[in-house]
Amino acid sequence: MDPMNLFSQIRAQVIAALDALVAEGALPAGLDTANVTVEPPRDPAHGDMATNAAMVLAKPAGMKPRDIAEALAVRLTADPRIASAEVAGPGFLNMRVAPEIWHDLLRSVLTQGTDYGRSVLGDGIKVNVEFVSANPTGPMHVGHTRGAVFGDALAALLDFAGYDVTREYYINDGGAQVDVLARSAFERYREACGLSPEIREGLYPGDYLIPVGAALKEKYGESLLDQPESAWLEEVREFSTEAMMAMIREDLALLGVKMDVYFSEKSLYGTGRIEEALKSLEDRGLIYTGVLEPPKGKTPEDWEPREQTLFRSTDFGDDVDRPVKKSDGSWTYFAPDIAYHYDKVTRGYDQLIDIFGADHGGYVKRMKAVVAALGGNSVSLDIKLIQLVKLFKNGEPFKMSKRAGTFVTLRDVVEQAGADVTRFVMLTRKNDAPLDFDFDKVLEQTKDNPVFYVQYAHARVCSVLRRAEELGLDTSDAALSGAALERLDHPAELDLARKVAEWPRLVEIAARGHEPHRIAFYLYDLASDLHGHWAKGNDEMGLRFIQEDDLGATQAKIALARSVAVVISAGLAILGVTPVEEMR
RNA sequence: GCACCCAUAGCUCAGCUGGAUAGAGCGCUGCCCUCCGAAGGCAGAGGCCUCAGGUUCGAAUCCUGAUGGGUGCGCCA
């Protein structure tokens, strides 16, 4: 556990005290302390931290919780850093630490800067986060945007928590939809050559292919015009897919998302890689030929029994076995998916994370089955489903329609709201909860808008630091970490420090659960505490950060303020948002 | 029909992998600027955590079932 995490430090101390009690015979040996926690209590009046040790151990030890708790309290308070330990409620042990603990903590924050809160939780474990993976057939829309932000923030969070992270994009350039793209682009090519395009039903009608058509003309002149499809399809497909991917990369760049790996589905075909992956399954006896039952309740009109090559995914918790080959012998879409995950497994990742749209929930079980079959117990796969984004304008639902031209792209969103705002707002909801995105509200400068609220807190601290500099103080972190922090003795000031102390713990909780939204909520809380503390200065002069007649106290107080700003910066960095120094 | 996700204040949502008296914003009511940024703060009202069982020291949280909503369901990716 991380040495910077105050709660894990104290937990280690609790465990040590328990061991000591065992050694002196006050507790039986061989107790399992895995469930012993040290957490901030819900009600701050209960103290700085609480442990459930006595309640967890009462039963296995065959003792009353109170007796254990009291013995533990005596042990713990022998350390001068633990000011008090009191038994409460059903057997909680509420602890209060000495003020120096908080002063040391703040010093540590200022010394480490935005590295404060980095964790060794990940222990260098190799994680692959696959996200976006939008089909290269057009621009990215709002749904992709949320997935992109979520994946990028999750990757940053895991990196911060000590994992070795790869951001990866799977390009679906091997299926029938890129043929459709090629045909659509070809019509735009014909248009560029002065002919009228025939955008038939089923082709992509979007304007974004017009420049692709023009580029095709520039490259090939009119030489493709009288050729049969078989002559130009492959080249046009290649050309268009690359154009689409260039556009997608640009969109991602607008959002501030940078992938480490772009993996091409097409590279799996004709290279033996699909065959190799399937052989790996076959060697385990997981491939067979058979006939599937028709789905109950909703039998397709044209359903008829067919013999197919199937993957025995039911062995790994899936509902039915899944076909990997069509009846004509060609691969189903599932086959390259298997090969792709096989590739990820063989690249040596310990953990895989796939981020899908919620409408792909039906694929979760089969993908988990694949990874379980290929990687055994050594590789885990977590799949995060991203719920819909509901757009609003002036509080009114904003209907999207490709045909009506009110299709909202990633670019539209970023151009209107800005990347920082877009990213933060997209992370203010759990991934599996629908998200309302109101174009007007996200730009409001009120506390109704969480982005503003957090930014404002950061800007206020910067403002105070500027004031302090005018008074001749050195506001560098190096100088502030040397401040006389013992002058921070007001309960309200220590409360703020307590919140700062929760940061490393929160990072670990968020990383463990693959839940970057927790960062956003924590930052909102922290900002709220800062604003609240600021306002206390209205009534109580002594709580203002700037004390014009006492520069020593001022330096200590702005060190506290700066610590809050440091954590806000670190948190925003994980979310991919730039902290602002003043509001405009 | 089956599977997965969801259900918490009037509305939109948190709730730290089982902890103490369930929280925040919006909306409503009432307060706080001779003062570091009031773009903020404080207080009040508002709850059968959808329902019924179960697990245990202890459940909004875990299990089972029900109800309501969303998504998906063999040669489309």
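Residues are listed down the side, and each one gets a yes or a no for (1) buried (at least 24 other Cβ atoms within 10 Å of the Cβ); (2) part of a helix (DSSP H, G or I):
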residue: A:Asp159; (1), (2): no, yes
residue: A:Glu168; (1), (2): yes, no
residue: A:Gly174; (1), (2): no, no
residue: A:Asp179; (1), (2): no, yes
residue: A:Arg183; (1), (2): no, yes
residue: A:Glu187; (1), (2): no, yes
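For segment A:541-563, a residue qualifies if it is more than 32 Å from the chain's Cα centre (by Cα) and either over 24 Å from A:Gly472 (Cα atoms) or aliphatic (A, V, I, L, M) (or both), and the qualifying residues are A:Met541, A:Leu543, A:Ile546, A:Leu551, A:Ala553, A:Ala556. Residues in segment A:422-465 that are touching a strand residue (DSSP E or B) at 6+ places or on another chain (Cβ under 7 Å), more than 8 Å from RNA strand B (Cβ to nearest atom) and assigned to a loop (DSSP other than H, G, I, E, B) were compared, and the one that is modelled with the lowest pLDDT is A:Asp440. Suppose we filter segment A:261-320 for residues that are modelled with pLDDT of 90 or more, charged (D, E, K, R) and farther than 18 Å from A:Ala369 by Cβ; how many remain? Residues meeting the conditions: 5. The numbered conditions (1) closer than 22 Å to A:Gln177 by Cβ; (2) of a type in the set (D, E, K, R); (3) over 30 Å from the mean Cα position of the chain (by Cα); (4) more than 8 Å from RNA strand B (Cβ to nearest atom) are all true for A:Asp328 except (4). Scanning segment A:331-364 for residues that are part of a helix (DSSP H, G or I), closer than 25 Å to A:Val261 by Cα, within 13 Å of RNA strand B (Cβ to nearest atom) and not aromatic (Phe, Trp, Tyr) gives A:Ala335, A:Pro336, A:Asp337, A:Ile338, A:Ala339, A:Ala358, A:Asp359, A:His360, A:Gly361, A:Val364.
Counting only strands (runs of 3 or more DSSP E) that fall entirely inside segment A:58-146 and contain at least 1 residues that are touching a His at 6+ places or on another chain (Cβ under 6 Å), the qualifying elements are A:92-97.
For A:Arg75, the test of being more than 28 Å from the chain's Cα centre (by Cα), closer than 19 Å to A:Ala16 by Cβ and either surrounded by fewer than 20 Cβ atoms within 10 Å (Cβ to Cβ) or basic (Lys, Arg) (or both) is passed. Scanning segment A:277-309 for residues that are in a strand (DSSP E or B), surrounded by 15 or more Cβ atoms within 10 Å (Cβ to Cβ) and more than 8 Å from RNA strand B (Cβ to nearest atom) yields A:Ile287, A:Thr309. Filtered by the rule that a residue be modelled with pLDDT under 90 and either within 32 Å of the chain's Cα centre (by Cα) or more than 9 Å from RNA strand B (Cβ to nearest atom) (or both), segment A:48-60 gives a lone residue, A:Pro60.
Note on segment A:534-551: among residues that are open to solvent by less than 50 Å² (accessible area, probe 1.4 Å) and in contact with a Phe, Trp or Tyr (Cβ under 9 Å, 6 or more places away or on another chain), the one that is farthest from RNA strand B (Cβ to nearest atom) is A:Leu543. Of everything listed in (1) in a helix (DSSP H, G or I); (2) open to solvent by less than 10 Å² (accessible area, probe 1.4 Å), the single unmet condition for A:Leu494 is (2).
The values are calculated or read from the model by the stated rules, or taken from the named source; none is laboratory data. Note that this is a predicted model, so its numbers are computed, not measured. Here the Cβ is made from the backbone with ideal geometry for all residues, glycine too, and neighbour counts use every protein chain on show. The protein model used for the area step is the full one, side chains on, heavy atoms only, and it has no ligands, DNA or RNA in it. Shrake-Rupley method; radii C 1.70, N 1.55, O 1.52, S 1.80 Å.
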